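S.K.: Please see the structure below; I have some questions.
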Amino acid sequence: MDFATFFHSLLDILNEMSPYILLGFLIAGFLQEFVRPETMSRHLSGRGWKPVVKAALFGVPLPLCSCGVLPTAIGLHRQGASKGATTSFLIATPQTGVDSIAATYSLLGLPLAIIRPIAALAGGFIGGLGVNRFADKDTAQSSSQTQRPEACRLTANIRRPIWRRILSALRYGMVDMVGNVGKWLVIGLLIAALITVYVPDEFLLSLSDRPLLAMIAMVVIAVPMYVCATGSIPIAMSLMLKGLNPGAAFVLLMAGPAANFASVMVLGKSLGKRTTAVYIASVVLTALLFGLAIDYLLPASWFGLTGKMAHGLSCHHETGLFPMICTGILLAALAYSFYIMRNHRHNHSTDKDMTQIFNISGMSCNHCRMSVEKAIAAVPGVTSVSVDLSEATAHVDGDFSEEAVVRAVTDAGFDIKK
């Protein structure tokens, strides 16, 4: 296999996904701008199963990755959401999202696009009830009920003109959201193309007769690996084309985005060890149960990749103009988001002597970076703040209390030290 074959495979996957990914990003922007966290937290307070179900329903369409959802969920908990509802939100949100549901439909078909949010709802429900039953009084190092700074900001947002809010939604979807998942989407696409071109067809066929073993192998691979809900889709598709059973691929789709070492460590600190144990068990159990159902209970014809996508990865085909335009827009958005992040690092790296620098742990994506910046910016006396994700540092200017900065970052769900 030469580079041309690899490039064609990568381009075919990208052309197939790009229209749906762009649609998902746009919807994500409007959800971010028009859905208020304080409204969500009001519905998620109290015990019982209703807040747990509402939390899962709120979480399924939100396009947040497993690390990006942590500060959001912790903020909801500090605004009054129950621990069970918070856990339900943590499980359901990173496994799906409007962008990943649309992309799942584009590459894996309608059945998996429907089953995926259903499985996320079930996992959130099981995990939330499990926490209410076994870990509701779980203790954690951080128990403050301080309201997140974003709540005040979003409350002010509703007074802005509608056209400004629409522009903000578009910016979040096409710039911030692309920055959040862009890195992992690119990694997922590259891995998918490499699997498609270089992994022999016989490599995974040995596991096709032992679905449960294949699913357990996917859990072992997925849990330590970080991959977002959208980035996992081309990887799962490529593995299925190489002979992996659909149930095992589905386990990768669900377990990979929801459970990784970084998010588990932050979750244990914020909500407690028993809650974290219930969280992991619910993610793995739900993924395995739905994976087994796909392989043993549902028609195999639902999950066969026999259409244009399967053919296109083995033989390059002509692509329509609209997908190519969408691919161009997506690539431009990715390039712009990477440029913004690089320029962001360069700008504050030249001002180190003028700022106080804080070391922050627990950040894994652009959403985490924005959450930390917003939390520090709300501290009295702070005139400017810039967070470098790659260096895990915050550069803060102004006449402020260091203790207030530490408290703000801790309340947002991260660790900080001077």
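S.K.: Inside segment 49-65, can you point out the residues that are in a loop (DSSP other than H, G, I, E, B) and at pLDDT 80 or above? Talk me through it step by step, then tell me what you get.
M.R.: Filtering segment 49-65 down to residues in a loop (DSSP other than H, G, I, E, B) leaves 60-65.
Scanning segment 49-65 gives V60, P61.
S.K.: Oh, and also: Suppose we keep only residues that are of a type in the set (A, V, I, L, M) and in a loop (DSSP other than H, G, I, E, B) within segment 384-418. Which one would you say is modelled with the highest pLDDT?
M.R.: Applying the first criterion (of a type in the set (A, V, I, L, M)) to segment 384-418 yields 385, 387, 389, 392, 394, 396, 404-406, 408-409, 412, 416.
Filter once more, so that each one left must be in a loop (DSSP other than H, G, I, E, B): 389, 392, 412.
Details: L389: 74, A392: 82, A412: 75.
If we take residues in segment 384-418 being of a type in the set (A, V, I, L, M) and in a loop (DSSP other than H, G, I, E, B), then A392 is modelled with the highest pLDDT.
S.K.: Considering (1) at pLDDT 85 or above; (2) closer than 25 Å to G48 by Cα; (3) open to solvent by less than 10 Å² (accessible area, probe 1.4 Å), say which one L112 fails and leave the rest.
M.R.: The failed condition is (2).
S.K.: Among G97, G84, which is at pLDDT 75 or above, closer than 18 Å to I115 by Cα and not polar (S, T, N, Q)? Before the answer, list the steps.
M.R.: Working: G84 fails: closer than 18 Å to I115 by Cα.
Unique residue meeting the criteria: G97.
S.K.: Return a yes/no flag: does segment 293-310 have any residue that is open to solvent by 60 Å² or more (accessible area, probe 1.4 Å), at pLDDT 90 or above and assigned to a helix (DSSP H, G or I).
M.R.: Yes, segment 293-310 contains at least one residue that is open to solvent by 60 Å² or more (accessible area, probe 1.4 Å), at pLDDT 90 or above and assigned to a helix (DSSP H, G or I).
S.K.: Tell me, yes or no, whether segment 162-175 has at least one residue that is closer than 30 Å to L241 by Cβ, open to solvent by 20 Å² or more (accessible area, probe 1.4 Å) and modelled with pLDDT of 75 or more.
M.R.: No - not one qualifying residue is present in segment 162-175.
Table: residues versus (1) charged (D, E, K, R); (2) modelled with pLDDT of 75 or more; (3) under 18 Å from the mean Cα position of the chain (by Cα).
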residue: K273; (1), (2), (3): yes, yes, no
residue: H317; (1), (2), (3): no, no, no
residue: F322; (1), (2), (3): no, yes, no
residue: T327; (1), (2), (3): no, yes, no
residue: I357; (1), (2), (3): no, yes, no
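S.K.: Go over the candidates A192, A156 one by one and state the one that is surrounded by fewer than 16 Cβ atoms within 10 Å (Cβ to Cβ) and at pLDDT below 85. It would help to see each step written out before you state the result.
M.R.: Working: A192 fails: surrounded by fewer than 16 Cβ atoms within 10 Å (Cβ to Cβ).
The unique qualifying residue is A156.
S.K.: How many of the residues making up segment 42-63 are closer than 14 Å to G97 by Cα and either out of contact with any Gly (no Cβ under 7 Å at 6 or more places or on another chain) or open to solvent by 80 Å² or more (accessible area, probe 1.4 Å) (or both)?
M.R.: 3
S.K.: Looking at G75, G68, G24, which one is over 24 Å from A412 (Cβ atoms), open to solvent by less than 30 Å² (accessible area, probe 1.4 Å) and at pLDDT below 75?
M.R.: Values: G75 fails: over 24 Å from A412 (Cβ atoms); G68 fails: over 24 Å from A412 (Cβ atoms).
Among G75, G68, G24, only G24 is over 24 Å from A412 (Cβ atoms), open to solvent by less than 30 Å² (accessible area, probe 1.4 Å) and at pLDDT below 75.
S.K.: Can you find a residue that is open to solvent by 60 Å² or more (accessible area, probe 1.4 Å) and under 26 Å from the mean Cα position of the chain (by Cα) anywhere in segment 398-407? First the steps, then the outcome.
M.R.: Step one: of segment 398-407, the residues open to solvent by 60 Å² or more (accessible area, probe 1.4 Å) are 399, 402-403, 407.
Pick out the ones that are also under 26 Å from the mean Cα position of the chain (by Cα) and you get 407.
Yes, segment 398-407 contains at least one residue that is open to solvent by 60 Å² or more (accessible area, probe 1.4 Å) and under 26 Å from the mean Cα position of the chain (by Cα).
The values are calculated or read from the model by the stated rules, or taken from the named source; none is laboratory data. Small disclaimer: the values here were computed from a predicted structure and weren't measured. Cβ sites come from the backbone with ideal geometry, for glycine too, and all protein chains shown count toward neighbours. The protein model used for the area step is the full one, side chains on, heavy atoms only, and it has no ligands, DNA or RNA in it. Shrake-Rupley method; radii C 1.70, N 1.55, O 1.52, S 1.80 Å.
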